[in-house]
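Here is the structure we will look at, set down as C-alpha cells.
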Amino acid sequence: MTRSYTPATTDDKGNVTPAKETWTVGEVGPATFTFMSRPGSDAAYITGYRIVRYDYNGRIIDASEPVEKSDLYVPSGYDCPERASLPNYQSCPQFNTDGSMKSDTVPANGLPVQMAINLASALVSEVQSTRRNAYSTVDLEFFGYSANNRPVTVTVKDVVSRAYKLGD
C-alpha cells in the first residue's frame, strides 16, 4: 500500500485547496490451500472452515464461527487407466459393470484440488488507520465428511499475511 499526501494550499487570491490523502493498494492475493487424498483413501467433501486462532497485528482472537459455504470435492486416493478422461470431480471407479473389483484401479495420491481464501484484505484498513505495516497469522481448521460419511478435519497452522505501508 502506498500513501500519498498533499498538504492544503492557499493561492494568492485566498482560494484554499484542501489537503488530500490517497492510498494505492496493490493486489491483495488470497492464500491458496491444496487438498489431496492419500493413497487408498476415500473421497471427501470439504464443506467449510473455522478460524481457530487469529493474531491480527498482535491482537489474539480465538475461534470464529464456522464458515460453511464450501463444497469442495477431494477425489479418492486411487489411479486408473481412465483417470485422464475423467473429470476432476470424479474418482476412479472401484468396480466393473458386473460388480467385480477392478484390478487396474490402484492406490495412489488423489488429484489435488484447491481453495483460495482472502485473509489479507482485512489488513488494508489496519495500515490506513495506524499508518504502519500490519500482519496476521491464522490457524484454520477445514472440515467436512468422507464418501463413507465419516468426519474429516484438516488443520493448517501459521498462515501469514502482511501489508506494507509505503510512501509519505
Take the solvent-accessible surface of the protein heavy atoms, probe 1.4 Å, and return the percent of it on segment 1-54 that carbon and sulfur atoms account for.
-> 50
Segment 89-160 versus segment 41-64: alpha-carbon centroid distance in Å | 11
Translational D in µm²/s for segment 1-75 (Stokes-Einstein at 4 °C, 1.567 mPa s, Kirkwood Rh from C-alpha pairs) = 72
With every protein chain kept in place and a 1.4 Å probe, the chain has an accessible area per residue in Å² of 63
What fraction of the Cα pairs in segment 35-101, stated in percent, has a spacing above 13 angstrom?
-> 73
Of the candidates Y56, G144, T6, the farthest towards the positive dipole end of the chain (Lys/Arg Cβ +1, Asp/Glu Cβ -1, centred on the Cα centre) is T6
Share of segment 76-168's accessible area from carbon and sulfur, percent, 1.4 Å?
-> 51
Expected vector for segment 131-139, Karplus 3J(HN,Hα) from phi with 6.51, -1.76, 1.60 and θ = phi - 60°, integer Hz, x for Gly and Pro, equals 6, 9, 4, 9, 8, 9, 10, 10, 10
How large is the convex hull of the Cα atoms of segment 61-168 per residue, expressed in Å³ as a whole number?
-> 155
Highest-MSF residue in the chain out of D98, D79, D11 [GNM, Cα springs under 10 Å] | D11
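The values are calculated or read from the model by the stated rules, or taken from the named source; none is laboratory data. Remember, it's a predicted structure, so these values are computed and weren't measured experimentally. FYI the Cβ positions are ideal-geometry reconstructions off the backbone, even for glycines, and counts take in every protein chain you see. Calculation scope for accessible area: heavy atoms of the full protein, side chains included, ligands and nucleic acids excluded. Shrake-Rupley method; radii C 1.70, N 1.55, O 1.52, S 1.80 Å.
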